[in-house]
1. I'm trying to understand the selection: among the residues of the range 29-51, which are free of Cβ contacts under 8 Å to residues at least 12 places away in the same chain, under 18 Å from Gly18 (Cα atoms) and either open to solvent by 80 Å² or more (accessible area, probe 1.4 Å) or polar (S, T, N, Q) (or both)?
2. Looking at the range 1-28, I want the residues that are over 18 Å from Ile46 (Cβ atoms) and have a partner that is of a type in the set (Ser, Thr, Tyr) with Cβ atoms under 9 Å, at least 6 apart or on another chain. Which pairs are those?
3. Taking the criterion of being of a type in the set (Ser, Thr, Tyr) and outside any helix (DSSP H, G or I), would at least one residue in the range 24-33 satisfy it?
4. What about Thr36, is it hydroxyl-bearing (Ser, Thr, Tyr) and at pLDDT 90 or above?
5. Considering Val59, Val15, which residue is part of a helix (DSSP H, G or I) and surrounded by 12 or more Cβ atoms within 10 Å (Cβ to Cβ)?
Amino acid sequence: MKIDFTQPSTKKGLVLIGAATAMMAGRPELLTATVTEQGVQAGGLIGTTVPVVLGLWEVLRNEFKGK
């Protein structure tokens, strides 16, 4: 069984599983998820931090790629 992480439904499912896990652990402020027509919107501490970290990684990785 291979998981295709490029599929939007896979990303939605992972965010929803993460939000449910945070809620069951009693820490809903860590990750929240809202499903809209445009897709899934992640919020909370993890939902805000992960895109920032990934964005910084992409910037730094591309900066040092040419050297």
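The values are calculated or read from the model by the stated rules, or taken from the named source; none is laboratory data. Values in this document were obtained by computation on a predicted structure and should not be read as measured data. Positions of Cβ are backbone-derived with ideal geometry, glycine not excepted, and every protein chain shown enters the neighbour counts. What goes into the accessible areas is simple: the full protein's heavy atoms, side chains included, and nothing from ligands, DNA or RNA. Shrake-Rupley method; radii C 1.70, N 1.55, O 1.52, S 1.80 Å.
1. Listed by number, the residues that qualify are Thr34, Thr36, Gln41, Thr48, Thr49.
2. Pairs found: Ile3/Thr10; Asp4/Thr10.
3. If we filter the range 24-33 for residues that are of a type in the set (Ser, Thr, Tyr), which is where we start, we get 32.
From what's left, outside any helix (DSSP H, G or I): 32.
For the range 24-33, residues of a type in the set (Ser, Thr, Tyr) and outside any helix (DSSP H, G or I): present.
4. No, not satisfied.
5. Val15
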